[in-house]
Amino acid sequence: MQWQQICDLSDSGIKQAIHSLHQLSNVNWGVTTTLRLDSNAIPHFDPPEPVALQALHLDHNLLTRLDGATPCVASVTLLSASHNAIASLDGTHAFTGLVYLVLSHNRITSLCGLRGTALCRTLEVLLIAFNHISSLA
């Protein structure tokens with residue numbers, strides 16, 4: 001049996017409390033597989049390293065992009081970042097193992113950021129309802 005730790009910091013006012021996830025010294029990042037940072041007014045994701053996350057929840061924040069291109073995001077299979085202000089899929093190329101991608105209720109206008117990426121081979125579920133998509137290419 002594999003040990004899994006869920007770190008749930010949803011609705012914790014993390015933006016006011018810290019400037020970086022690196023300052024969370026009480027979290028055992030080595031065994032954390034699910035990180036929930038919902039409803040924290042986070043403007044960008046600054047992941048600690050090394051972390052082998054499998055699920056990352058960033059819903060209801062202030063994200064405008066997904067550019068957390070660090071080694072820890074390669075292991076993420078579920079990324080949920082709905083209800084943000086994300087305008088494009090640029091940066092999703094770093095999430096090479098994604099199976100589930102939830103980006104509903106954002107400002108995405110095109111899916112061109114997905115074309116030709118490793119993500120096209122692994123992605124099984126893409127939820128992008130309530131965006132402003134005008135181009136699929």
| Within the accessible area of region 72-125 (1.4 Å probe), percent carbon and sulfur | 55
| query | Across bins of 5 angstrom width beginning at 0, how are the C-alpha pair distances of region 57-137 distributed, in whole percent? | reply | 3, 17, 29, 31, 17, 3, 0
| note | With all protein chains present and a 1.4 Å probe, the order of 36, 65 from largest accessible area down is 65, 36
| request: Kindly rank 79-88, 106-115, 125-134 from highest to lowest mean number of other beta carbons found within 10 Å of each residue. | output: 79-88, 106-115, 125-134
| remark: Mean Cβ-within-10 Å packing, highest first, puts peptides 117-123, 39-45 in the order 39-45, 117-123
| Roughly speaking, what is the stretch gain from residue 132 to residue 85, that is 0.36 nm per residue apart minus the C-alpha to C-alpha distance, in nm to one decimal? | 15.8 nm
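The values are calculated or read from the model by the stated rules, or taken from the named source; none is laboratory data. Quick caveat: nothing in here was measured; it's all calculated off a predicted structure. A quick note on method: Cβ atoms are made from the backbone with ideal geometry, for glycine too, and the neighbour counts reach across all protein chains shown. The area values use the complete protein model at the heavy-atom level, side chains included, leaving out ligands, DNA and RNA. Shrake-Rupley method; radii C 1.70, N 1.55, O 1.52, S 1.80 Å.
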